[in-house]
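> Structure incoming, see below.
The values are calculated or read from the model by the stated rules, or taken from the named source; none is laboratory data. This structure is a prediction, so every number in the text was calculated from the model and none was measured. Cβ: placed from backbone, ideal geometry, glycine included. Neighbour counts: every protein chain shown. Note: accessible area is taken over every heavy atom of the protein model, side chains too, but ligands, DNA and RNA are not part of it. Shrake-Rupley method; radii C 1.70, N 1.55, O 1.52, S 1.80 Å.
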Amino acid sequence: MHHSLSSNLSRRQFLQTAIASASGLALSGCGWTLAEVRPVQGKTGVANELYIYTWSNYIDNDLLREFTAQTGIRVIADTFDANESMLATFQAGKGSVYSVVYPSDYSVAKMLDLKLLRELEQSKIAGLENILPKFRASAHDPGNRHHVPISWGTTGLIYNSDKLSPPPEDWNYLWENQEKLSGRITLLNDLREVFGAALRSLGYSYNATNPNEIREAFEKLKVLKPAITSFTTDAWRDQLLAGDLVMAMGFSADGVLVAQQNPKIKYVVPQSGTSLWSDAMVIPKNAPNQDAAYAWINYMLQPAVASQVAERLSFATPNKAAFDQLPAPVRNNEALFPPDTILQNSQGIVPLPRATEELYEKYWTILTSS
């Protein structure tokens, strides 16, 4: 992801269609491509089918297989790479197929404003008490009336420590080393994250509303633009592992996952501050299979399941009981669970007034299309 905590979420690249495997699970087995993306269908209405809309790195074959074995419900997972594209799907009326969606925290607020979410029947949910209090006290949806937090993390710089020495410590590194990085760096496909990084580098809030500050961040990003290979939330992973990139802006969960494949790749939280995001599970107002949605949420809240998935897919869990079950090396991994000293400068991404959002969007369009 993306808040009382913010997101990522502009995360993740759309993945090519895969043939559903013989077990009936719609997933492909090629590396990062963990979930099948199909054209969105109309309402399915099938009692034992659950359509989920999520980030690519929250779903894998094992998870779906185990859930189906436990419940008899077949899961079809589609993925998005940005909160904006997920919201566009719903605003175009194409979201009615999904019964569980994974927005970032600031997008939960937007979905509430757009009246897209169903109030959760908490009597049908087991395990909410395991969620850490700070994730239950969200400003836009206190008490988890509409959302169940599933993950959290930070946004930072993922780099090849063989190629970059001394290592980056802050956002300003991008501008100070623009020549060295040129054509070998990507930024997230995420308006608020990219502008947030530039704003923090200038000493402003990640959630700046002052038009002069926003313009200043835009001008600074325009200077960096010729060095940027692309704005992507997902595609950088293979490129960094292949050596085509030396650095990418990305989410902590992705950074840790890539570092596991190549120990020379490191993740750093910029010292001047970054975004602290969380992603959640929600049930859309028009969910065709609410019973299956509650079954999924309850499954994901089981401490053993939440712990295994967090370890396997390398993201930080807000589930205290699950955290306690993680192996010590995972619990002590500061890229996943940074100490408070690192988090003190970080902010959740919060929804902004409409006119301010339109200003950001105008600059973002110019930046990414020029």
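> Taking all protein chains together and a probe of 1.4 Å, list His147, His140 from the most accessible to the least accessible.
Heavy-atom accessible area, descending, gives His140, His147.
> So if I take the centroid of the Cα atoms in region 235-314 and the same for region 178-208, what is the distance between those two points in Å?
20
> Which of the aspartates and glutamates could a cross-linker bridge to Lys285, judged by Cα under 13 Å and excluding same-chain residues fewer than eight apart?
Answer for Lys285, where 13 Å is the Cα cut-off: Asp113, Glu119, Glu121, listed by chain and number.
> If you add up the charges near Ile265, with Lys and Arg at +1 and Asp and Glu at -1, over every other residue whose beta carbon is less than 14 angstrom from its beta carbon, what do you get?
Values: positive: Lys163, Arg184, Arg237, Lys264, Lys266; negative: Asp162, Asp238, Asp244, Asp254.
Computed value for this residue: +1.
> Separate question: Under a 1.4 Å probe, what is the accessible area of the chain per residue, stated in Å²?
For the chain, the solvent-accessible area averages 38 Å² per residue.
> Related question: Along its three principal axes, how long is the chain when you only count alpha carbons? Whole Å, largest extent first please.
Computed over the Cα atoms, the extents are 56, 44, 38 Å.
> Taking a 32 Å limit on the Cα-Cα distance, which of the listed pairs Lys222/Lys266; Lys134/Lys266; Lys134/Lys362; Lys225/Lys264; Lys94/Lys180 fall beyond it?
Lys134/Lys362; Lys94/Lys180
> Just how far, in whole angstrom, is region 116-157 from region 338-353 if you go by their alpha carbon centroids?
Between the Cα centres of region 338-353 and region 116-157 lies a distance of 17 Å.
> Rounded to a whole number, what % of the accessible area of region 235-341 do carbon and sulfur atoms account for, probe 1.4 Å?
Answer for region 235-341: carbon and sulfur cover 48 percent of the accessible area.
> Of all the accessible heavy-atom surface of region 67-121, with the other protein chains kept in place and a 1.4 Å probe, what percent is carbon and sulfur?
C and S atoms contribute 49 percent here.
> Now for a different question. So, R0 is 22 Å and r is the distance between the beta-carbons of Thr341 and Glu179; what FRET efficiency does that work out to, to 0.05?
According to the calculation, E is roughly 0.10.
> Ok, one more. Calculate the tail of P(r) for region 188-272: the fraction of all Cα-Cα distances greater than 21 Å, expressed in %.
35
> If you count the DSSP beta bridges with both ends in the chain, what percent of them are antiparallel, to the nearest 5?
Once the DSSP bridges in the chain are tallied, antiparallel ones form about 60 percent.
> What span do the alpha-carbon atoms of region 194-333 cover on each of the three principal axes, reported in whole Å from largest to smallest?
Largest to smallest, the principal-axis extents are 49, 41, 26 Å.
> Could you work out what % of the accessible surface of region 148-201 is carbon and sulfur, using a 1.4 angstrom probe and leaving DNA, RNA and ligands out of the count?
Values: 680 of 1670 Å².
Carbon-and-sulfur percentage of accessible area, whole number: 40.
> Given charges of +1 on the Cβ of Lys and Arg and -1 on the Cβ of Asp and Glu, with all other atoms neutral, how large is the dipole of the chain about its Cα centre, in debye to the nearest 20?
Using only the charged Cβ atoms, the result is roughly 360 debye.
> With a Förster radius of 30 Å, plug the Cβ-Cβ distance of Gln290 and Asp324 into 1/(1 + (r/R0)^6) and report the FRET value to the nearest 0.05. Walk me through the numbers on the way to the answer.
Numbers: r = 31 Å, r/R0 = 1.02.
My answer for the efficiency is 0.45.
> Something else now. Using just the helices of the chain, give the 222 nm mean residue ellipticity in deg cm²/dmol: DSSP H runs with n ≥ 4 each add -39,500 (n - 2.57), and the total is spread over all residues, rounded to 500.
Values: 16 runs with 136 residues, N = 370.
That comes out to -10000 deg cm²/dmol.
> Which peptide among 100-106, 80-86 comes first, and what is the full order, when sorted by highest mean count of other Cβ atoms within 10 Å?
Working: 100-106: 29.0, 80-86: 23.9.
By packing density, highest mean first, the sequence is 100-106, 80-86.
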